[in-house]
1. Under a cut-off of 19 Å between alpha-carbon atoms, report the lysines in cross-link reach of K355, not counting same-chain residues fewer than 8 places apart.
2. Over 41 Å apart: what share of the alpha carbon pairs of the chain falls there, rounded to a whole percent?
3. If the elastic network links every pair of Cα atoms under 10 Å, which of G159, G33, G326 fluctuates the most in the Gaussian network model of the chain?
4. Restricting things to alpha carbons, find the Rg to Rh ratio for the stretch 62-182 using the Kirkwood radius for Rh.
5. List the equivalent ellipsoid semi-axes of the stretch 340-419 in whole Å, largest first, each obtained as the square root of 5λ for an eigenvalue λ of the Cα gyration tensor.
6. Tell me, what HN-Hα J-couplings in whole Hz come from the Karplus equation 6.51 cos²θ - 1.76 cosθ + 1.60 at θ = phi - 60° for each residue of the stretch 385-401, using x for Gly and Pro?
7. For the stretch 233-244, take each phi angle, set θ = phi - 60°, evaluate the Karplus expression 6.51 cos²θ - 1.76 cosθ + 1.60, and give the result in whole Hz per residue in order, putting x for glycine and proline.
8. What ³J(HN,Hα) values, in whole Hz, does the Karplus curve 6.51 cos²θ - 1.76 cosθ + 1.60 give for the stretch 291-299 when θ = phi - 60°, with x put for Gly and Pro?
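The values are calculated or read from the model by the stated rules, or taken from the named source; none is laboratory data. This one's a predicted model, so the numbers in the text were calculated from it and none came from an experiment. Heads up, the Cβs are rebuilt from the backbone with ideal geometry, glycines too, and the neighbour counts pull from every protein chain shown. The protein model used for the area step is the full one, side chains on, heavy atoms only, and it has no ligands, DNA or RNA in it. Shrake-Rupley method; radii C 1.70, N 1.55, O 1.52, S 1.80 Å.
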Amino acid sequence: MPEHHPSHGTPEYVSALPTARPHIHETRKFPEGFLWGTATSSHQVEGGNGKNDWHDWEMIPGHIVDGQPSGAACDQYHRYEQDFDLAAGFHQNAHRLSIEWSRIEPEDGRWDMDEVMHYRRVLEALKRRNMKVMLTVWHFTLPGWLAAKGGWEWRGAVGRFRRFAGFVAGEYSDLVDLWCTINEPMVYLGQSYQSGVWPPGVKSNWRAFRVFGALCRAHRAAYGAIHKAVDRQGRRAQVGIAQNVITFEPYRKHSLNDILFVWFADKIFNHQFFIWTKGQHDYIGINYYFHYRIKYIPSKIFQVFFEVHTENRETSDVGWELNPQGIFEALLDMNRYRRPIYITENGLANADDGKRPRILIATLKEVYHAIRAGADVRGYFHWSLLDNYEWERGFAARFGLIAVDYATQKRTPRRSAHVYADICKANGIPHTLLRFLGHGVRW
Ligand code: IFM
């Protein structure tokens, strides 16, 4: 068989590919109708949230690294029109946001109809800009009354969440395209029940395990309630969660301990929630931020220790390893559930924006390849539209495409906002952006 040479014509294996490899000067096109957006959550951007468990937590000295409570945050409660103008002006066609449970239900069983109307206006503002809406029902903050009863450890919590999810689904069924019941259940467990740096500040694996069970039941209950409320109005709800997916790698390639621990960590962290809620995901939502090189440290019996190594690799401002390649593997792995996939969050803390354009493009290049390799990816939501309150870190971590001056509430788009706009507008990655990846990059 002659060695392949361009002048020999297209070999069979190339024409059998679903689409030919684009020319270097072509835009790397994403599927028609792909959603390009950004994500936020109520407590992190709205400001003035005085009725949830985070409000009380932030007041206690030592809980927030920079000592600052969320206060007015980005004041998006009042500035959403301006912020959505920015998003739409940067060619984003979708937005993910969350609804604040403690505003809608400030007391057990009492709906605050002024707040219900407020969120209707917020969602309508997105629709007026022709944006698809993903609404998160619960993004880490519990109403104070529920926290006082024991939060997710209280036996009645799942029932209350079912009621809340059904209520908001009935109210906003005409305005929401994708429902996300729970944001990052595993992160919540780690922060709130293992390391104890978030409310309720517990450090107990056993209690974390029980809350894991409650969150699985809560998702199943909300899944049913949202479908019931939306589907009876003649629409078919699309309901899922946003799962923080970590790509793991054994630190020592030939260490059986490291390999087995990676297998175990992947099962527990990335998949267990989907396994216990099987059949109740219309789409798979993944948040991608982390790549862990895991070194297993044998210790006392029944205790497992491991170290995460970064070995001077490139990291974000908060020390998280930047590993755009990992998203390719995460997407192909999540494709096993045979559901549409949305990247519900991805981004980095990078105040001077020196890394964000390059990491964004490199990540989307991997998404592009994952789609060509068969992953059914339908949308990408960058975290975040603008700088916001980063939980126990306070305001120091800057995740925004748009910078916020908290003293004046002035918004200033970073260079990455323009780069992302070019991508959203082209529904793909224009070849001109390749220069951000360095000279001679071929893909
Ligand atoms: O800010 C958080 C968000 O609330 C959940 N996902 C990760 C983001 C960055 O840490």
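1. K365
2. More than 41 Å apart: 15 percent of the Cα pairs in the chain.
3. Fluctuation is largest for G33.
4. On the way: Rg = 15.6 Å, Rh = 15.7 Å.
Checking Rg against Rh, the ratio lands at 0.99.
5. Details: eigenvalues 144, 35, 20 Å².
Computed over the stretch 340-419, the values are 27, 13, 10 Å.
6. Per residue, the Karplus-derived 3J(HN,Hα) values read 4, 9, 3, 7, 6, 9, 6, 5, 8, x, 8, 5, 6, 10, 9, x, 5 Hz.
7. 8, x, 10, 10, 5, 10, 10, x, 10, 10, 9, 6
8. Once θ is set to phi - 60°, the couplings for the stretch 291-299 become 10, 10, 9, 9, 10, 7, 10, x, 9 Hz.
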